[in-house]
C-alpha cells in the first residue's frame with residue numbers, strides 16, 4: 001500500500017507540476033494583451049455557463065455533431081467520479097467514494113455515461129471519415145484523431161478496470177446496476193484469482209496514466225478548448241452582439257506611447273481576444289456560416305483565429321523572456337505577415353461566425369481591431385473607402401451631400417424639425433434614408449405611417465450627423481468617437497428620450513454604443529413601433545396587397561439585436577401578403593453584403609454576396625423581398641437588377657403603407673406588387 005501510494009503521489013506531482021507550469025505560461029501569454037473589462041453581469045454569465053457549457057445549447061443547434069460533443073462532454077463530467085475512485089483504489093483496493101460510493105444508481109450512471117462517450121466517439125468517426133464536412137478544411141485533423149484516440153483508450157481501460165474488479169469480487173455496488181461492466185466481466189471470470197487481480201492493477205495504472213497524460217497533453221495541444229472554453233464563455237460580452245469593444249482614443253496616452261491604435265502586433269489584442277485563440281475548437285461552424293467564405297473570399301473566421309494562435313505560440317515565449325530580462329522583442333506586424341489584407345477587408349461584421357461559435361469567440365472584435373490599426377495607424381484601406389472617410393469627415397455623411405439637404409426627402413409631408421424641446425419621439429432618419437433615392441421612399445413611408453397613427457415626432461434635419469457606424473466598422477474609431485460625441489450632445493440638448501430608427505445600423509449604434517458616450521435613450525426600430533401601432537388598431541391595413549413575400553433578416557436587427565418577429569408580424573397583418581422563408585433566415589439569415597462598411601467597398605474576389613442572397617430569394621418563388629433596413633434594400637435591389645429579375649424589394653413600412661387607404665387617391669401607389677413567379 002505504501003509503495004502504491006508513493007507511486008501515485010509521484011505521478012500526481014509530475015503531471016500536476018507539468019500541467020501547472022504550462023497553465024502558468026498560457027496565462028502569462030494572455031496577460032500580454034490589452035486589458036478589457038469583463039466584470040459584472042454575474043447572473044447572466046452564470047446562466048450562460050449553465051446553458052452553453054453544461055447544457056451544450058449552441059452545439060445542439062446542429063443535432064448530430066451536437067449530440068456527439070454532448071455525449072463526450074457529459075460523459076467526462078460523470079467519469080470524474082470514476083477517476084476519483086481509481087485514485088483511491090490505487091492506494092486501497094476496497095476504496096469507494098464517501099456517501100455515494102456504494103449507491104446502486106451511481107454504478108448505473110457511470111456505466112451509461114461511459115458507454116455514451118463511446119457512442120459519441122463513434123459519431124465523431126462517422127462525421128470525420130464518412131461525412132467529411134467542408135467546415136473541417138484547414139483544421140488540425142491528425143491531432144483531432146489523437147485526442148479522440150486518447151479518449152477511447154481512457155474509456156476502454158475504465159471498462160476493463162470495472163469488469164476486472166467485478167470478476168475479482170471487488171464491485172462497490174450491485175452488479176445488476178452495472179450491466180455493461182458486468183457483461184464485460186465475463187472476459188475475466190474464467191481466470192484464476194491471481195490473473196484477475198493482475199488485470200485489476202494493470203487496467204487501473206493504465207487508466208490513471210492515460211488520464212494524467214491526457215491532462216498534460218492538452219496544455220500543449222491544439223485542443224486547449226477543453227480547458228479554456230468554459231472560461232471563455234464566462235468572459236464573453238454580455239451586451240448585444242452588435243456592440244463592439246470600445247477603444248476610447250486618449251491623445252495624451254497616444255503621445256506617451258501607452259495606447260495602441262488597434263492591433264498592429266499580437267500583444268495589441270485584448271486579453272479576451274487572446275483567450276479566444278486558446279478556446280477555438282476548430283469545428284468550422286463559423287467558416288460554414290461566413291458569407292464571405294461562402295462566396296469565394298479568403299476570409300475564414302476559423303483560419304483567422306488559428307493563424308493568430310500560431311503567431312502567439314511562435315512569439316509568446318520570446319516576448320515573455322524579453323520582458324523578464326528587461327528588454328524588448330521585435331514582433332512582426334499581424335497584417336500582412338500573419339493575416340492577409342484581403343482577409344481583413346472581406347468581413348461584413350454580420351456576426352454569423354459569433355452566432356455559430358459554441359465557445360463565444362468574438363471574431364468581429366478581432367477583425368475590427370486589425371482594421372483600426374490599418375486605418376488609424378497606417379492609413380491603409382481599400383481605395384474606394386477613402387471617399388467614405390472623406391465624406392464623413394467633411395460632410396458628416398457617407399454620400400458626401402451637403403447637410404443642408406438632409407431633410408429634403410420630407411418635402412410636402414409637413415414633417416416637423418426639432419425646435420427647442422423634442423416631442424415624444426425623435427425620428428432618426430439616417431444617412432441612407434436622407435440621401436439615397438431608393439431609401440428615401442422608406443423614410444417617407446415611415447413618416448406617413450407615424451402621421452396617420454397620430455404619433456408625435458420630429459426630425460433633426462441638418463443637425464443629424466452620421467451615427468458613425470461605417471466609420472467604426474471600417475476601423476476609424478477616432479472619427480466614430482467624434483461623430484458619436486457630436487450627436488449625443490445634440491440629442492441631449494434637445495431633451496431626447498425616445499428614438500425611432502429605421503436603419504438597423506443606426507438603431508444598433510444609438511441603442512448599444514452611444515451609452516459609452518453619455519447617450520442613453522429608448523431606441524426603437526420602426527418595425528417594433530409599427531407592430532405596436534397595428535396591434536393597437538392605430539393603423540388598420542385594409543387594402544389588399546397581393547404578393548408572395550420573402551422577408552430578409554437584416555444582420556444588425558436580427559442576429560445582433562434578436563429582433564425577428566415584429567417585421568414578420570406586421571407583414572402577416574397586411575391583407576393579401578403571403579410569406580415564405582428563405583433557406584437561411586432568422587438567426588441563420590445571410591448577410592446582404594453591406595455591413596462592416598462593405599457598402600462602400602467593391603467586391604473583387606468571388607461572387608457578390610448580394611447576388612448570392614438574391615439567388616436564395618429567387619429560389620422561393622417570391623415576387624417581393626421584404627426588408628427592414630435601407631442598406632439591405634439597396635444591396636438586394638442591386639442584386640435583383642443584376643439577375644434581371646422583376647422582384648420588388650420593399651421595406652416593411654412601404655408594404656404597410658400600401659395597405660392603408662390613401663386620403664389622396666391621386667398620389668396612391670398601385671396595391672398589386674406582382675404575383676409570385
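The values are calculated or read from the model by the stated rules, or taken from the named source; none is laboratory data. Remember, predicted model here, so these are calculated numbers, not experimental data. Because the Cβ atoms are built from the backbone with ideal geometry, glycine has one as well, and the counts that use them run over all protein chains shown.
Okay, residues lined up against (1) surrounded by fewer than 21 Cβ atoms within 10 Å (Cβ to Cβ); (2) part of a helix (DSSP H, G or I); (3) at pLDDT 95 or above:
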{"site": "544", "(1), (2), (3)": "yes, no, no"}
{"site": "548", "(1), (2), (3)": "yes, no, yes"}
{"site": "571", "(1), (2), (3)": "no, yes, yes"}
{"site": "574", "(1), (2), (3)": "no, no, yes"}
{"site": "587", "(1), (2), (3)": "yes, yes, no"}
{"site": "613", "(1), (2), (3)": "no, yes, yes"}
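In the condition set (1) touching a residue at least 40 places away in the same chain (Cβ under 8 Å); (2) surrounded by 18 or more Cβ atoms within 10 Å (Cβ to Cβ), residue 213 is compliant with all but (2).
Pick out the one residue from 468, 475, 519 that is free of Cβ contacts under 8 Å to residues at least 40 places away in the same chain and either assigned by TED's automatic domain parsing to the domain that holds residue 636 or crowded, with 19+ Cβ neighbours inside 10 Å (or both). Before the answer, list the steps.
Working: 468 fails: free of Cβ contacts under 8 Å to residues at least 40 places away in the same chain; 475 fails: free of Cβ contacts under 8 Å to residues at least 40 places away in the same chain.
The match here is 519.
Kindly evaluate residue 592 against the criterion of being touching a helix residue (DSSP H, G or I) at 6+ places or on another chain (Cβ under 6 Å), part of a loop (DSSP other than H, G, I, E, B) and in the same structural domain as residue 657 (by TED's automatic domain parsing).
Numbers: touching a helix residue (DSSP H, G or I) at 6+ places or on another chain (Cβ under 6 Å): yes; part of a loop (DSSP other than H, G, I, E, B): yes; in the same structural domain as residue 657 (by TED's automatic domain parsing): yes.
So residue 592 passes the test.
Examine the stretch 157-171 for a residue that is out of contact with any helix residue (DSSP H, G or I) (no Cβ under 8 Å at 6 or more places or on another chain) and modelled with pLDDT under 95, and state whether such a residue exists. Yes, that holds for at least one residue.
Quick one: count up the residues across the stretch 237-258 that are under 26 Å from residue 349 (Cα atoms) and either in contact with a helix residue (DSSP H, G or I) (Cβ under 7 Å, 6 or more places away or on another chain) or modelled with pLDDT under 90 (or both).
Residues in the stretch 237-258 being under 26 Å from residue 349 (Cα atoms) and either in contact with a helix residue (DSSP H, G or I) (Cβ under 7 Å, 6 or more places away or on another chain) or modelled with pLDDT under 90 (or both): 13 in total.
Within the stretch 481-499, does at least one residue satisfy the condition of being farther than 21 Å from residue 250 by Cα, assigned to a strand (DSSP E or B) and touching a strand residue (DSSP E or B) at 6+ places or on another chain (Cβ under 6 Å)? Within the stretch 481-499, one or more residues are farther than 21 Å from residue 250 by Cα, assigned to a strand (DSSP E or B) and touching a strand residue (DSSP E or B) at 6+ places or on another chain (Cβ under 6 Å). Quick one: count up the residues across the stretch 447-480 that are part of a loop (DSSP other than H, G, I, E, B), over 28 Å from residue 366 (Cβ atoms) and touching a helix residue (DSSP H, G or I) at 6+ places or on another chain (Cβ under 7 Å). Residues flagged as part of a loop (DSSP other than H, G, I, E, B), over 28 Å from residue 366 (Cβ atoms) and touching a helix residue (DSSP H, G or I) at 6+ places or on another chain (Cβ under 7 Å) within the stretch 447-480 amount to 2.
Going by the conditions given, is residue 645 outside the structural domain of residue 501 (by TED's automatic domain parsing), farther than 26 Å from residue 398 by Cβ and not in a helix (DSSP H, G or I)? Yes, satisfied.
Take the residues in the stretch 373-417 that are touching a strand residue (DSSP E or B) at 6+ places or on another chain (Cβ under 9 Å) and surrounded by 19 or more Cβ atoms within 10 Å (Cβ to Cβ), then tell me which one is nearest to residue 602 (Cα to Cα). Going through the qualifying residues, I end up with 406.
Here are the criteria: (1) surrounded by fewer than 22 Cβ atoms within 10 Å (Cβ to Cβ); (2) in contact (Cβ under 8 Å) with a residue 40 or more places away in the chain; (3) in the same structural domain as residue 314 (by TED's automatic domain parsing); (4) assigned to a loop (DSSP other than H, G, I, E, B). Tell me which single one residue 243 does not satisfy. So the condition that residue 243 fails would be (3).
Taking the criterion of being buried (at least 21 other Cβ atoms within 10 Å of the Cβ) and within 20 Å of residue 657 (Cα to Cα), the residues of the stretch 431-447 that qualify are 432, 433, 434, 436, 439, 442, 443, 445, 446, 447. Selection of the stretch 298-310 for residues being under 24 Å from residue 223 (Cβ atoms) and surrounded by fewer than 20 Cβ atoms within 10 Å (Cβ to Cβ) yields 306, 307, 310. From the residues in the stretch 122-177 that are more than 27 Å from the chain's Cα centre (by Cα) and part of a loop (DSSP other than H, G, I, E, B), which one is surrounded by the fewest Cβ atoms within 10 Å (Cβ to Cβ)? Applying the filter and picking the extreme gives 169.
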